[in-house]
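See structure below.
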Amino acid sequence: MFKIGIDLGGTKIEGLLLDETLNVVHRIRVPTPQNDYRKIIDEISSLVLGFSKNIGDYTIGICTPGSISKKTGLIKNSNTQCLIGMPLKDDLENILDKKVSLENDANCFAISEATMGSAKNYSLVFGVIMGTGVGGGIVIDQKIHHGRTNIAGEWGHHTLHQNGNKCYCGKQGCVETYISGPSLERRWKEIAGKKEILPDIVKNYNSTQFSQWKQEFLDNFGTGLANVIDILDPDVIVLGGGLSNIDFLYSDGIKNVYQKVFSDLVDTPILKNSLGDSAGVFGAALLD
Ligand SMILES: [Zn+2]
């Protein structure tokens with residue numbers, strides 16, 4: 001069966017058609033219509049209809065940041081504001097007259113890396129997104145594990161520091177408020193007294209301010225992932241999102257995680273993703 005994947009982002013919608021053996025047949029990018037839910041629906045359905053000509057039966061998967069409430073079926077916490085509170089899945093199913101699978105970007109990342117990427121030879125995969133936010137997805141034998149209430153893998157909102165940084169979710173001290181891109185940049189400004197973006201911050205490697213910033217980052221990253229390993233004990237952890245390009249996470253970062261795990265034996269591979277920005281759209285196509 002052919003597979004259609006759509007990655008719905010804030011600035012672009014990417015469409016992908018895979019054949020039965022997961023070869024790329026078509027791949028298209030279009031800009032995301034801004035603040036117009038109806039136009040987004042139209043854009044997605046015309047991509048699907050374009051791909052589906054003369055291919056027989058096929059599946060449709062959509063990847064979008066944010067999550068789908070198990071209670072209401074509506075989108076919540078999306079950074080594409082006009083999607084919030086909308087029944088995207090139902091509306092698309094009505095228009096296309098076909099089942100549509102909808103998953104958040106962390107789950108799509110995890111399933112794509114587990115099926116075709118860095119984690120493809122492992123059974124229990126924890127996929128991590130570290131970028132504007134911090135998310136995660138669990139894949140077991142190439143199936144997404146959602147959990148009873150659809151929040152499995154959401155380590156970004158584990159409490160790391162009691163009474164710590166305020167989080168948009170309403171709690172304090174969440175992992176995301178320490179090791180997302182924006183929070184690391186904010187912390188650098190506090191320590192170094194100047195505003196810089198992450199790729200520039202990591203160039204300051206021989207300053208004392210950098211040592212402090214890096215040590216805090218490593219400790220927070222280490223505690224956050226060690227907590228995950230203690231509970232899930234995955235076969236592999238694969239890192240995605242903009243921060244996955246920071247090289248020291250794969251040396252000092254891994255060491256820090258290992259020091260904090262509750263075991264005298266820890267050798268969990270922590271790998272960089274191999275699909276890069278394509279993980280979302282491939283993950284969408286792999287949904288069933
Ligand atoms: Zn939070």
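Numbers below:
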quantity: Residue match in the stretch 180-189 (condition: part of a helix (DSSP H, G or I), within 12 Å of the ligand (Cβ to nearest atom) and surrounded by 13 or more Cβ atoms within 10 Å (Cβ to Cβ)); calculated: yes
quantity: Residue check for residue 166: basic (Lys, Arg) and closer than 25 Å to residue 66 by Cα; calculated: yes
quantity: Residue count, the stretch 220-266 (criterion: assigned to a loop (DSSP other than H, G, I, E, B), under 22 Å from residue 111 (Cα atoms) and either of a type in the set (Asp, Glu) or open to solvent by 50 Å² or more (accessible area, probe 1.4 Å) (or both)); calculated: 2
quantity: Matching residues, the stretch 141-184, being of a type in the set (A, V, I, L, M) and touching a strand residue (DSSP E or B) at 6+ places or on another chain (Cβ under 9 Å); calculated: 144, 151, 152, 160, 175, 179
quantity: Test: residue 213 is open to solvent by less than 10 Å² (accessible area, probe 1.4 Å), within 16 Å of the ligand (Cβ to nearest atom), modelled with pLDDT of 95 or more and touching a helix residue (DSSP H, G or I) at 6+ places or on another chain (Cβ under 9 Å); calculated: no
quantity: Some residue of the stretch 147-167 being more than 16 Å from the ligand (Cβ to nearest atom) and touching a helix residue (DSSP H, G or I) at 6+ places or on another chain (Cβ under 6 Å); calculated: no
quantity: Count of residues meeting criterion [open to solvent by less than 30 Å² (accessible area, probe 1.4 Å) and either assigned to a helix (DSSP H, G or I) or under 19 Å from residue 134 (Cβ atoms) (or both)] in the stretch 274-287; calculated: 8
quantity: 2 or more residues open to solvent by 60 Å² or more (accessible area, probe 1.4 Å): qualifying strands (runs of 3 or more DSSP E) within the stretch 59-178; calculated: 143-145
quantity: Every pair of residues 6+ apart whose Cβ atoms lie under 6 Å, when the first sits in the stretch 160-177 and is among the charged types (D, E, K, R) while the second is part of a loop (DSSP other than H, G, I, E, B) and more than 7 Å from the ligand (Cβ to nearest atom); calculated: 176/133
quantity: Residue match in the stretch 60-80 (condition: of a type in the set (S, T, N, Q) and farther than 23 Å from residue 147 by Cβ); calculated: yes
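The values are calculated or read from the model by the stated rules, or taken from the named source; none is laboratory data. Model, not experiment: these values are computed from the prediction. A quick note on method: Cβ atoms are made from the backbone with ideal geometry, for glycine too, and the neighbour counts reach across all protein chains shown. For accessibility, only protein heavy atoms count, side chains too; no ligands or nucleic acids. Shrake-Rupley method; radii C 1.70, N 1.55, O 1.52, S 1.80 Å.
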